[in-house]
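This report refers to the structure that appears directly beneath it.
The values are calculated or read from the model by the stated rules, or taken from the named source; none is laboratory data. This is a predicted model, so every value here is computed, not measured. Note that we place each Cβ from the backbone using ideal geometry, even for glycine, and neighbour counts take in every protein chain shown. Areas reflect the complete protein model, heavy atoms only, side chains present, ligands, DNA and RNA absent. Shrake-Rupley method; radii C 1.70, N 1.55, O 1.52, S 1.80 Å.
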Amino acid sequence: MKKSVYQTIISLLILVIVMSVFAVVNIQVSLKYETENMKDCISLISGRNLCQELLASKIIIVICLIIVSGMLSFRGRIVKD
C-alpha cells in the first residue's frame with residue numbers, strides 16, 4: 001500500500017471517530033430533552049430509538065479505534081515505499 005493511501009485511510013478513520021463522538025453527545029442531549037426520563041429510549045419528537053443509535057455510535061468508535069491502532073502498530077508491514 002502506498003504511503004498516501006495509508007495516510008488517507010488513517011485520516012478518514014479519525015474523521016469517523018470525531019463525527020461519532022459528536023453523534024454520541026448529540027444523542028445524549030436528545031435523550032435528555034426528547035424523552036420523559038433518561039431511561040426512555042424512544043424520542044417523543046422523532047420516534048427514533050435513541051438507545052440503539054447511541055450503542056451503534058459507540059460500537060463504530062471502538063471498531064475505528066481498533067483499526068487505527070492496528071494500522072499504526074503494523075505500519076512497517078502495511079506501507080511499502
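Could you tell me what percent of the accessible area of the chain is made up of carbon and sulfur, with a 1.4 Å probe and every protein chain present?
67 percent
Using a 1.4 Å probe, what is the accessible area per residue for the chain, in Å²?
72 Å²
Could you please put Met38, Met1 in sequence from largest to smallest accessible area, using a 1.4 Å probe?
Values: Met38 110, Met1 90 Å².
Largest to smallest exposure gives the sequence Met38, Met1.
For the chain, just give the cysteines left without a disulfide-compatible partner, judged by no other Cys Cβ under 4.7 Å.
So far as the 4.7 Å Cβ criterion goes, Cys64 stand without a partner in the chain.
Cα axis of helix 50-73 to longest principal axis of the chain: angle in degrees, 0 to 90, nearest 10?
Approximately 10 degrees, to the nearest ten.
Quick check: the angle from helix 3-33's long axis to the longest principal axis of the chain, C-alpha only, nearest 10 degrees?
That works out to roughly 10 degrees.
Cut-off under 27 Å on the C-alpha distance; same-chain residues fewer than 8 positions from Lys80 excluded. Which lysines are left, in chain and number order?
Within the straight-line limit of under 27 Å, Lys80 reaches these lysines: Lys2, Lys3.
For region 1-62, which chymotrypsin sites (Phe, Trp or Tyr not before Pro) pass both filters: DSSP loop (anything but H, G, I, E, B) and at most 14 other C-beta atoms within 10 Å?
none
Given +1 on the Cβ of Lys and Arg, -1 on the Cβ of Asp and Glu, and no further charges, what dipole in debye does the chain carry about its Cα centre, rounded to the nearest 20?
Charge dipole of the chain: 560 debye, to the nearest 20.
Between Leu65 and Asn37, take the C-beta separation as r, use R0 = 25 Å, and let me know the FRET efficiency to the nearest 0.05.
Step by step, r from the Cβ atoms, then E = 0.20.
If you take the charge dipole of the chain about its Cα centre, with +1 on Lys and Arg Cβ and -1 on Asp and Glu Cβ, which of Ser4, Ile17, Leu54 is farthest toward its positive end?
About the Cα centre, the residue reaching furthest to the positive side is Ser4.
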